[in-house]
Amino acid sequence: AGNNATATSAKGIVTDALIGIVAVLAAYLFIYVINPDLTVMNIAFSQVRVSDVEDEEVTGTVSGMLVSRNGKELDSSFVVTLDKIKAAGINTIVTSGLRTVAKQQALIRENCGGFPATKKCSPPTCLLKNGPSSCPHTTGHAADIWALNSSGSQVISMANCLNNVNACRNNTYQKKLIEGMKADGFCVLDGEPWHFEKPKMSKSCH
């Protein structure tokens, strides 16, 4: 617009950009002449197995030894192991344990269009096809457990955990919780590093 100072500044920016492009191309050509393989980018992303798909039906038994922890009912074996983990310096909180049949039915209605399900469940939901023993949380042998950090807070929210399952699983505190649970024979879902079962019922629990 007739502003010589602005025009001069713009020309300088364009000149610098062109010099940068030439420098990059020259560097590429130089490296290519030395060794063409150096110009090939082989980025390999490690495959992380993430399966947050809940089985439609599992085979299990309903616990006859239910106890309470953090206001949730679960099999007594959980409490024994959680006490061991606490003695090792990791505090925990149980956010879900035994789920009533009525609660599971309500989830199916909410996620699957009705009970029995009338559509594909979103999110995936156990369909309670064969009574309480056919869904992990209705047996008392499955529980959602989180480690607490040094200030007594849950180490990570479920939403953030789902955004990066691998990082969640390797969180210092959650990792120690998982290791302690596994040492006592519990398995943890691949896509839900807070969901533990004993005995294993879900296919993606390892």
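The values are calculated or read from the model by the stated rules, or taken from the named source; none is laboratory data. Note that the structure is predicted; figures quoted are calculated from it, not measured. Quick reminder, even Gly has a Cβ in these numbers, built from the backbone with ideal geometry, and neighbours come from all protein chains shown. We work out accessible area using only protein heavy atoms, side chains counted, and drop any ligands, DNA or RNA first. Shrake-Rupley method; radii C 1.70, N 1.55, O 1.52, S 1.80 Å.
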Q) When the Debye formula is applied to the Cα atoms of segment 62-117, each taken as the same point scatterer, what base-10 log of I(q)/I(0) results at q = 0.16, 0.23 Å⁻¹? A) -0.61, -0.86
Q: With everything on Cα atoms, drop me the angle between helix 4-34 and the longest principal axis of the chain, reported from 0 to 90° to the nearest 10.
A: 70
**Q.** Most fluctuating residue given options Gly131, Gly12, Gly114, as computed from a GNM of the chain linking Cα atoms under 10 Å
**A.** Gly12
Q: Report Rg (one decimal) and Dmax (nearest whole number) for segment 117-185, counting Cα atoms only, units Å.
A: 15.3, 45
Q. Per residue, how much accessible area does the chain show when a 1.4 Å probe rolls over the protein heavy atoms, in square angstrom?
A. 59
Q) Picking from Lys119, Lys182, Lys11, which is most flexible by a Gaussian network model of the chain using Cα springs under 10 Å? A) Lys11
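Computed FRET efficiency, Cβ-Cβ of Ala10 and Phe30, R0 30 Å: what is it to the nearest 0.05?
On the way: r = 31 Å, r/R0 = 1.02.
Computed FRET efficiency for Ala10 and Phe30 comes out at 0.45.
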Q. For the chain, what is the per residue volume of the convex hull drawn over the alpha-carbon atoms, in cubic angstrom?
A. 255
Q. In debye, nearest 20: dipole of segment 114-206 around its Cα centre with unit charges on the Cβ of K, R (+) and D, E (-)?
A. 240
(Q) For a Förster distance of 30 Å, can you work out the FRET efficiency between the beta-carbons of Ala106 and Asn160, rounded to the nearest 0.05? (A) 0.70
Q: Give the ranking of Leu128, Leu66, Leu29 by solvent-accessible surface, highest area first, calculated with a 1.4 Å probe.
A: Leu29, Leu66, Leu128
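Could you give the length gained on full extension between Lys129 and Asn70, defined as 0.36 nm per residue of separation minus the Cα-Cα distance, in nm?
On the way: separation 59, 0.36 × 59 = 21.24 nm, distance 2.91 nm.
Working it through step by step, the gained length comes to 18.3 nm.
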Q) Got a number for the accessible area of Ser133? Probe 1.4 Å, square angstrom, nearest 10. A) 30
**Q.** Pairs beyond 24 Å (Cα-Cα), from Lys72/Lys175; Lys175/Lys200; Lys72/Lys176; Lys119/Lys182; Lys84/Lys203; Lys72/Lys198
**A.** Lys119/Lys182; Lys84/Lys203
